[in-house]
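Peer 1: Here you go, one structure.
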Amino acid sequence: MNSRKFPRKKNFSAMKMLGVQLSTARRMAGYTQRSLGDAVMLDEETIASIEQGRRALKPDLAELLDELLGTKGMLAAGVSKLPEIDQFPMWAELYVQHEREAIALSWYDALVVPGLLQTEAYARALLGGRVPPYDADELETKIAARVGRREILHRKVPPTLSFVVWEPALCMPTGGRETHLDQLRFLREYSELPGLSFQILPLNRTSHAGNAGPFILLETPDHQHLAYTESQRGSQWVSDPDEVSILARKYAMLRTQAFTIEDSRSLLDHLLGEQ
């Protein structure tokens, strides 16, 4: 989402790797996703979600599948070794896939405008300031990809979107005066979109629930709740329900600590009027 370095070596999360193992075992045993779902009294979409790493394989189901597919405890052993927080060295492809399909996104950012709400010039300023720098072709590709993600805001049935942004992110003149102004205008315009909530967390709060850094909460079409967090040197895809719950509670608190939607629009108007 932001212009921070992520490792480029391709890798799968533990959940996705386990899903690949299930898919392979299913096909070797002669099952389709539908027939396997019927055998364990689940729908086809649930089996597909597990195989794609979008839904966790539960221990009792893993044991049942081991018996049915003849995998001799392989799946149950894999479940027992799953980390609570899955590391995604190559996070981008999977995250963007989930983002594209999400029915709800809740996004807290502290130092920059959230990626889905960035103008092209603002994104260029952020990505162009990377250390070490991208080469020219890679920079253009990344800018186009970031701007292209905004298409989900204009889906026929867009996701429910909530953004909380710390005020300093809106005051820093990233990219220069005109880029900054255009970004503020863009935020003001998009704050009026149906189903989109934009709130500003004021600078003068003496404490708030987001001081550990930015994060995103996401709900998939099959109602799986996931989260994503990041730092300068890495990212974490969070699938454990307890960990997701903690971040969801933080986000709920942030919404109460931020300005209302209406007051946030007024602050954007004020920031634009000061320029």
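Taken together, the values in this text are just the output of simple stated rules run on the coordinates, not laboratory data. Just so it is clear, the structure is predicted and the values come from calculations on it, not from any experiment. All Cβ positions, even for glycine, are placed from backbone atoms using ideal geometry, and neighbour counts span all protein chains on display.
Peer 1: What does the charge count around Q21 come to, taking other residues whose C-beta lies under 14 Å from its C-beta (Lys +1, Arg +1, Asp -1, Glu -1)? Could the numbers behind the result be given before it?
Peer 2: On the way: positive: K16, R26, R27, K72, K81; negative: E51, D66.
With Lys, Arg at +1 and Asp, Glu at -1, the net is +3.
Peer 1: Pull out a ≥ b ≥ c, the square roots of the eigenvalues of the alpha-carbon gyration tensor of region 87-274, then state rounded if a/c is under 1.5, prolate if not and a/b is larger than b/c, and oblate in the remaining case.
Peer 2: Numbers: a/c = 1.37, a/b = 1.06, b/c = 1.29.
Verdict is rounded for region 87-274.
Peer 1: Modelled label-to-label distance, V157 and S207, 7 Å Cα→beta-carbon offset: nm?
Peer 2: 4.2 nm
Peer 1: What do the square roots of 5 times the Cα gyration tensor eigenvalues come to for region 14-82, in whole Å, largest first, as semi-axes of the equivalent ellipsoid? Intermediate results must be reported in sequence, preceding the final value.
Peer 2: Working: eigenvalues 49, 35, 23 Å².
Gyration-tensor ellipsoid for region 14-82: 16, 13, 11 Å.
Peer 1: Now a separate question. Take the Cα pairs of region 215-275, get the Kirkwood Rh, then feed it into Stokes-Einstein at 20 °C and 1.002 mPa s and tell me D in µm²/s. Don't jump to the answer; show the numbers that get you there.
Peer 2: Working: Rh = 13.9 Å.
Diffusion coefficient, whole number: 155 µm²/s.
Peer 1: Going by how many other beta carbons lie within 10 Å of each one, how would you line up F198, F259, fewest first? It would help to have the intermediate numbers written out before the result.
Peer 2: On the way: F198 24, F259 17.
By the 10 Å Cβ count, ascending: F259, F198.
Peer 1: At a Förster radius of 41 Å, what calculated FRET efficiency corresponds to the Cβ-Cβ distance of Y134 and H225, to the nearest 0.05? Don't jump to the answer; show the numbers that get you there.
Peer 2: Details: r = 33 Å, r/R0 = 0.81.
The formula returns an efficiency of 0.80 here.
Peer 1: With respect to the cross-link table entries K58/K81; K16/K142; K16/K58, which display a Cα-Cα separation exceeding 20 Å? Walk me through the numbers before you get to the answer.
Peer 2: Working: K58/K81 12 Å; K16/K142 25 Å; K16/K58 14 Å.
In this structure, K16/K142 lie more than 20 Å apart at Cα.
Peer 1: Which value in nm describes the separation of the simple spin-label points at E67 and D240, placed 7 Å from the Cα toward the beta carbon?
Peer 2: Those two pseudo-labels are separated by 2.9 nm.
Peer 1: Ok, one more. By the scheme Lys and Arg +1, Asp and Glu -1, what is the net charge of all other residues having a beta-carbon under 14 Å from that of K72? It would help to have the intermediate numbers written out before the result.
Peer 2: Details: positive: none; negative: E63, D66, E67.
Here the count lands on -3.
Peer 1: Using Cα-Cα distances under 8 Å and only pairs 6 or more residues apart, what relative contact order does the chain have, in percent? Provide the component values of the computation, followed by the final result.
Peer 2: Details: 411 pairs, mean separation 60.6, N = 275.
Result for the chain is 22 percent.
Peer 1: On to the next question. Could you tell me which GluC sites (Glu not before Pro) in region 173-275 are loop residues by DSSP with no more than 14 other beta carbons within 10 angstrom of their beta carbon? Numbers along the way, then the final one.
Peer 2: Details: sites: E178, E189, E192, E219, E230, E243, E262, E274; in loops: E192.
Taking region 173-275 and a limit of 14 other Cβ atoms within 10 Å, the loop GluC sites (Glu not before Pro) found are E192.
Peer 1: Also, I was wondering about something else. Using label points projected 7 Å from each Cα along Cα→Cβ, tell me how many nm separate Q257 and S80, to one decimal.
Peer 2: Between Q257 and S80, the label points sit 4.1 nm apart.
Peer 1: Right, next: Under the Karplus relation 6.51 cos²θ - 1.76 cosθ + 1.60, θ = phi - 60°, what is the ordered set of whole-Hz ³J(HN,Hα) values for region 125-132, x standing for Gly and Pro?
Peer 2: Along region 125-132, the couplings run 5, 5, 5, x, x, 5, 10, x Hz.
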